[in-house]
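Only one structure is covered here, and it is reproduced in the block below.
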């Protein structure tokens with residue numbers, strides 16, 4: 001907890017005190033704890049590509065694609081289910097439930113006895129990941145000081161990148177230590193390890209405070225005072241009650257009154273964030289991570305290499321890309337509250353378009369060492385551009401642009417769109433590659449990045465430095481015809 005607590009007084013809202021509170025280690029701890037689901041998603045994203053060649057079940061191309069991407073489809077369903085549940089039962093309880101379901105799915109994957117059981121367990125994991133993604137950044141946005149909300153929310157994306165890297169490194173370790181067991185024990189161990197952080201998350205999340213904004217909305221004023229106290233904001237129950245009355249009065253003044261929370265501005269925000277998530281996925285960021293070990297293993301494979309040697313080569317190159325992802329996401333974390341969401345997203349999509357074309361040129365026209373160098377450089381800067389400007393921005397916007405009354409449902413809808421788009425591109429990629437060739441598909445992904453740049457430039461307003469209530473008002477103004485602005489006034 002911060003050494004300097006902030007007390008609300010006079011006409012000041014207790015939420016103003018929360019927005020202006022000093023950062024402390026507790027805020028970082030809660031953000032990381034809320035985003036363990038991001039780590040689990042990252043781990044699950046990469047782990048299936050690492051073991052795909054060693055799973056002993058005979059699967060058709062469709063079911064192979066589903067095994068890789070099916071967790072994303074389950075995540076779409078999980079996100080939609082989590083929305084109304086978290087608005088009714090709170091953020092904390094759903095975060096605990098999600099981690100429990102993931103642990104069960106990971107253990108079932110490790111001890112599977114058939115292809116059907118493995119596919120079902122992957123879907124179960126997807127349900128948990130999707131539900132968690134719908135809640136984590138909403139929870140963070142509801143307690144984070146407004147000047148650090150970007151940094152705290154982008155931890156979701158950073159945890160995803162860490163999960164991807166850890167997955168590659170653990171798979172490398174297992175295959176190197178026991179190469180002869182790749183087709184029996186190794187792949188089960190690699191899939192099952194994901195249960196460990198999920199179980200830890202259940203235990204630690206049981207002690208986290210509930211969202212104070214959600215508690216106020218539920219009329220639980222004593223619990224709100226207690227939750228704010230844990231966050232370093234010392235207020236009485238009466239002060240919380242007065243803040244709740246002000247919020248209710250403000251809602252009554254809005255068009256349609258408090259019963260009409262889905263205003264044109266909220267609907268506009270829902271569409272903009274959903275389209276942002278679609279572009280985030282269909283521009284191809286997860287192709288290198290789902291299929292990377294297979295694709296890159298082919299580039300690095302030497303004549304006479306065994307399947308394990310090829311897998312290790314692919315994992316080494318994929319781990320390099322994973323490390324780039326982690327470092328670049330950290331840079332995005334450092335600058336998101338300085339440069340802003342809009343500027344970083346524009347820079348990110350521009351870099352993605354250029355360097356996907358560079359990698360495509362390497363695949364199409366080069367051979368040997370020059371091909372490896374150009375492809376790795378292209379993929380690395382493509383991933384870095386995404387990580388700095390695009391990956392964390394979507395999750396941040398999802399948590400900060402909606403009013404508390406519908407934040408869970410709205411964020412869940414956006415997360416569901418994200419996962420469905422992820423499923424579509426990963427499921428379609430093998431067919432597109434077979435039909436048109438890898439270079440042509442990469443050019444298509446670059447074109448989509450250009451379209452994403454145009455969309456962000458036209459429609460996405462800057463939200464840095466604003467409270468979540470001010471962000472909601474900004475989208476209401478935009479719905480009335482105000483243009484997307486580069487930076488907030490003042």
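Just so it is clear, none of the values below were taken in a lab; they were calculated from the coordinates. Note that the structure is predicted; figures quoted are calculated from it, not measured. Here Cβ is always computed from backbone atoms with ideal geometry, including for glycine, and neighbour counts include all displayed protein chains.
Some observations on this one:
- Relative exposure of 480, 92, judged by other C-beta atoms within 10 Å (fewest first): 480, 92
- Most to least packed among 399-412, 65-78, 182-195 [average Cβ atoms within 10 Å]: 399-412, 65-78, 182-195
- Bins of 5 Å from zero: percent of alpha-carbon pairs in segment 421-461: 5, 22, 20, 22, 15, 9, 5, 1
- Shape of segment 24-134, Cα gyration tensor, a/c cut at 1.5: prolate
- Between residue 245 and residue 181, the contour length at 0.36 nm per residue exceeds the Cα-Cα span by 16.6 nm.
- As a rough guide to protection, the peptides 42-48, 216-222, 459-465 ranked by mean Cβ packing within 10 Å, highest first, stand as 42-48, 459-465, 216-222.
- Anisotropy class of segment 83-167 from Cα gyration tensor, a/c 1.5 cut: oblate
- Structure-based [θ]222 nm, the chain - -39500 (n - 2.57) summed over DSSP H runs of at least 4, per residue, nearest 500: -25500 deg cm²/dmol
- Neighbour-count ranking [beta-carbon atoms within 10 angstrom, fewest first] of 352, 388, 376: 376, 388, 352
- Translational diffusion of segment 376-438, µm² s⁻¹ [Kirkwood Rh, Cα pairs; Stokes-Einstein; 20 °C; 1.002 mPa s]: 153
- Label-to-label distance for residue 327 and residue 434 is 3.8 nm, based on points extended 7 Å past Cα in the beta-carbon direction.
- Start at zero, step by 10 Å, and the Cα-Cα distances of the chain spread as 4, 20, 31, 25, 13, 6, 1, 0 percent across the bins.
- Most tightly packed first, judged by the mean number of other beta-carbon atoms within 10 Å of their residues, the peptides 123-132, 341-350, 318-327 read 123-132, 341-350, 318-327.
- Extension reserve of the residue 104-residue 267 stretch, reckoned as 0.36 nm per residue once the Cα distance is removed: 55.1 nm
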